[in-house]
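The values are calculated or read from the model by the stated rules, or taken from the named source; none is laboratory data. Values in this document were obtained by computation on a predicted structure and should not be read as measured data. Every residue, glycine among them, receives a Cβ derived from its backbone with ideal geometry; neighbour counts consider all protein chains shown. Heavy atoms of the whole protein, side chains included, go into the accessibility calculation; ligands, DNA and RNA do not. Shrake-Rupley method; radii C 1.70, N 1.55, O 1.52, S 1.80 Å.
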Amino acid sequence: LRRTGLGTRAELLGADELELDRLVRTIGLPDAARASMAALDDEAMCIVHAFSGGINAFLDDMQSGANGARRPADLDRLDPAYVPPRWAPLDVVIVATAATFSLSSNVQQDLVLTASRLLLGDDRYERLVRFGPLVDSFAIRDPAADQSIQPVTAPATGPSKRTVAWPKGNHEAAASLQRLSRTFDRLRDSLGPFTSNNWVVAPGSTRDGVAFMASDPHGGISIPSSFHEIHLVIDDEDLNAYGIAVAGGPMIHIGHNGQGAWAFTNYGADVGDLYEEVPIDGDRGSVLIDGEPVAVEVRTEHVLVRGDGPVAEPDYEELEIEVVRGHGPVLNPVLPEPLPLLFGDTRISYKWVGAGPTREAQALANLIGVRTWGEFLNNASDWEVGAQNTVFASATGDIGYHATGLFPDRPWASADLNAIEPLPGDGSAEWQGFNPFDAIRTVHNPDWGFLASANADPAGLSADGDLYDTDYLGYVFDFGFRIDRIRRVLAPAAASAAIDWSMMESLQTDVRVGFAELLAPALVAALVRLDTAVKDGGRAPARDALANWDYHATVSSVGSSVFHETVVQLITGNLAPPVLAPLRPLLLGNNQVALRALVQAIETGDAEFFPDGVDAAILTAFLRGCDRLAAFFGSADVADWTWGELHVRQLDHPLGGSYNRGPLPAPGGLAVVNRSDFEYIDEDGAVDLPYRIVDGPDMRFIVELDGDNSVTRLMLPAGSSGDPTSTHYDDQLQLWLDGQYRTALYRWDDVLAGAVSTLTLEP
């Protein structure tokens, strides 16, 4: 995490990491961290110094063998002589800065969608890319207003004629964009979770009259874990704080102190823009903004690159970075393939809220002492980048939701001048400060007794699919099934004060597939209409398994296997062929795009995607999927087609090999609360079996907030140790897969009674 944020991976891992280092240096994450560290107050700096000092104490012990410390085995695989560099306070802040970049940057999505429109043409783009949710359920609204999931229906008539000429596209541009996206994917995967669930429940909604808070952030689930536990007790400040932090950071991101509990999910706000800079003839050192020349600053950085020898003997390369004052770094040198093909020699710059100085590290440092709703709101004003849906509960009974972060004010934003595609850099599309969004930012003690978020549009501004008919906030919103399920479960239980530990845990591990509620009835209806063809193909038992499925993706489910494989075949067999080949894995491998597009195509009976009609397409996809399942399982008996064998989880270590864990059978499915999505199309235009899960809960955390008697139950899939030889490297993995929890020790007397070893560092 430290090396990713500093852009120094190539120094350790070699030239394969150069592309990532160049990108991080150009975007300026190290500079943003330096600026943000300068804004920390003395108390926060004390925490930063103490934490980096503790890491250095371990490094010293590791070298000497003192205090039971030992050198982790994976370091020897890197280089037997390698010792990680000592930590500086900046290293702590860079981890926070890099995490906020991962949570808030839309560079990759902006470029992919821009290229998609250019290469596919407006008509195909509009039919594939839909921004509205698939179910109307919004975090800040009364659940009584939520719309129930309505099954998709296809037109009763046959397909309409549709002839669309291919635009003059550049396949090379799409292919280079695909390579670029792999770099961004690696960056995001290196920096931790991107999606999450959270909710808080008021005491009046629970069986025991005590508030609850739950949180589970979602990422690629690497091993070692991207999170670590912190229990911080300071007697003279009457502080007892427990929770979870991003590895490499001392701040409790998700946790409680007995009096207050807090958790975050990513908002999906658009807090960065690309600009097409206006050149000045003969002057490469300036661009034109508002009719005036603006200097292009140049800085030179040296990127160390490990060769075939030891880590201590790297080479280096020079990187020249251009920065347009007021806009940001020019991306052309680090994106040398797609930008010239898409935009010629126009320089494309990137403006991001988090360029610094920003105060999210300060906000995190202060969270451990927040005990009341007022203190929480006051602290939230320091969270300026990485816009978050935050929820809070207090032991005195308050619950609340607050959207943190700075939201750029773009009064000019419209369908004709949208903030997704590169904007004119001439000064006509500048931010007009920041929009307070007061009406939709905060909810306190709602009548319905709970608050939840799950990356969906919290206020429903995108509900009609038009991002610009009200204030523009962003477009990277979840399609709504997770938040819908959470609210549908909690609302009636809250109304009858029936929420307890059992419900909290079962909801966090819930595997009901909301998308199947939407789509499966249409699949079954089509297969019933085509009953003869289904029976002639010998697949009536598979259709019956789908028809009788309860929409829960348990490891023993057969209906889940039939449903998901039919959807895979509809996407790869019907949506993919008309799409420019290199764009298929970029667009249709993105479940948010692929499944919205599939629903839209079925609803309209789109003839380009379904030339023989929707029913015929469903039948073909179903039969082809059954053939694949029978071949994979080596059995024509549908009872053998269990979801757990088809849908597997693997935890990948950066060094691979014996450090990895899995593949292991896993419950969950598409867009469920217990998230376990897999990509619906790969670079070859298909998807291999078994399905390999690409994200899911990096940890699960639930707290019953009751002062000194507060109880925390949690689970980390990758365990509490990064040392592959430790028993705690993977001892929580199977429990996590099974939806089990362990109870943390919280009261200090209990901690001392349960301790198996104690390490004391003298100041």
Item to check | Contacts under 8 angstrom Cβ, first residue in segment 438-467 being on the phi > 0 side of the Ramachandran plot, partner among the acidic types (D, E), 6 or more apart | outcome: N445/D398; N455/D478; G460/D136
Checklist entry - Is it the case that some residue within segment 543-565 is open to solvent by less than 20 Å² (accessible area, probe 1.4 Å), hydroxyl-bearing (S, T, Y) and under 30 Å from F212 (Cβ atoms)? => result yes
Item to check | G465 of a type in the set (G, A, S), open to solvent by less than 10 Å² (accessible area, probe 1.4 Å) and either in contact with an Asp or Glu (Cβ under 7 Å, 6 or more places away or on another chain) or modelled with pLDDT under 95 (or both) | outcome: no
Checklist entry - Residues of segment 654-670 being assigned to a loop (DSSP other than H, G, I, E, B) and either modelled with pLDDT of 90 or more or touching a Ser or Thr at 6+ places or on another chain (Cβ under 7 Å) (or both), which ones? => result N660, A666, P667, G668, G669
Item to check | Checklist (1) farther than 30 Å from I499 by Cα; (2) of a type in the set (F, W, Y); (3) not in a loop (DSSP other than H, G, I, E, B) applied to W412, failing item | outcome: (3)
Next on the checklist: What's the number of the only condition in (1) modelled with pLDDT of 90 or more; (2) open to solvent by less than 50 Å² (accessible area, probe 1.4 Å) that D731 fails to meet?
Outcome noted: (2)
Checklist entry - For segment 699-753, what are the residues that are out of contact with any helix residue (DSSP H, G or I) (no Cβ under 8 Å at 6 or more places or on another chain) and hydroxyl-bearing (S, T, Y)? => result S710, T712, S720, S721, S726, T727, Y729, T743, Y746
Checklist entry - How many residues, within segment 734-746, are surrounded by 15 or more Cβ atoms within 10 Å (Cβ to Cβ) and not in a helix (DSSP H, G or I)? => result 5
Checklist outcome for this item: I483 meets each of (1) in contact with a Phe, Trp or Tyr (Cβ under 7 Å, 6 or more places away or on another chain); (2) of a type in the set (A, V, I, L, M); (3) buried (at least 24 other Cβ atoms within 10 Å of the Cβ); (4) in a helix (DSSP H, G or I) with one exception, condition (1)
Checklist entry - Give me the pairs: first residue in segment 221-248 and assigned to a loop (DSSP other than H, G, I, E, B), second residue open to solvent by 40 Å² or more (accessible area, probe 1.4 Å) and among the aliphatic types (A, V, I, L, M), beta-carbon distance under 8 Å, and six or more apart or on different chains, which are they? => result S226/L1; A247/L1; G248/L1
Item to check | Check on L29, touching a residue at least 60 places away in the same chain (Cβ under 8 Å), surrounded by 16 or more Cβ atoms within 10 Å (Cβ to Cβ) and over 24 Å from W352 (Cα atoms) | outcome: no
Item to check | Qualifying positions in segment 425-453 - in contact with a strand residue (DSSP E or B) (Cβ under 8 Å, 6 or more places away or on another chain), in a loop (DSSP other than H, G, I, E, B), open to solvent by 50 Å² or more (accessible area, probe 1.4 Å) and within 22 Å of V391 (Cβ to Cβ) | outcome: N445
Checklist entry - Looking only at segment 302-318, which residues are touching a residue at least 12 places away in the same chain (Cβ under 8 Å) and part of a strand (DSSP E or B)? => result H302, V303, L304, V305, Y316, E317, E318
Checklist entry - Condition test on L12, is it closer than 24 Å to I221 by Cβ and touching a Lys or Arg at 6+ places or on another chain (Cβ under 7 Å)? => result yes
Item to check | Those residues of segment 591-623 which are among the charged types (D, E, K, R), assigned to a helix (DSSP H, G or I) and open to solvent by less than 20 Å² (accessible area, probe 1.4 Å), in sequence order | outcome: R596
Checklist entry - Can D308 be described as of a type in the set (D, E, K, R) and touching a helix residue (DSSP H, G or I) at 6+ places or on another chain (Cβ under 9 Å)? => result no
Checklist entry - If a residue has to be β-branched (V, I, T) and modelled with pLDDT under 90 to count, how many in segment 671-686 make the cut? => result 1
Checklist entry - Quick one: is T725 open to solvent by 20 Å² or more (accessible area, probe 1.4 Å), in contact (Cβ under 8 Å) with a residue 40 or more places away in the chain, within 24 Å of G68 (Cα to Cα) and not in a strand (DSSP E or B)? => result yes
Next on the checklist: Can you tell me which condition I230 does not meet? The list is (1) more than 30 Å from P582 (Cα to Cα); (2) surrounded by fewer than 23 Cβ atoms within 10 Å (Cβ to Cβ); (3) of a type in the set (V, I, T); (4) under 19 Å from the mean Cα position of the chain (by Cα), and all the others hold.
Outcome noted: (4)
Item to check | Residues located in segment 705-760, provided they are within 27 Å of the chain's Cα centre (by Cα) and among the small types (G, A, S) | outcome: A718, G719, S720, S721, G722, G739, A744
Checklist entry - Considering only residues of segment 677-691 that are in contact with a strand residue (DSSP E or B) (Cβ under 8 Å, 6 or more places away or on another chain) and without any contact (Cβ under 8 Å) to a residue 60 or more places away in the chain, which is surrounded by the fewest Cβ atoms within 10 Å (Cβ to Cβ)? => result P690
Next on the checklist: Can you pull out every residue in segment 692-719 that is open to solvent by 10 Å² or more (accessible area, probe 1.4 Å), assigned to a strand (DSSP E or B) and over 30 Å from W748 (Cα atoms)?
Outcome noted: R692, I693
Next on the checklist: Is it the case, given these coordinates, that V391 is crowded, with 23+ Cβ neighbours inside 10 Å and modelled with pLDDT of 95 or more?
Outcome noted: yes
Checklist outcome for this item: When segment 153-174 is checked residue by residue, the ones that are modelled with pLDDT under 70, aliphatic (A, V, I, L, M) and open to solvent by 50 Å² or more (accessible area, probe 1.4 Å) are A165
Checklist entry - How about segment 495-517: which of its residues are open to solvent by less than 10 Å² (accessible area, probe 1.4 Å) and part of a helix (DSSP H, G or I)? => result M504, L507, Q508, G514, F515, A516
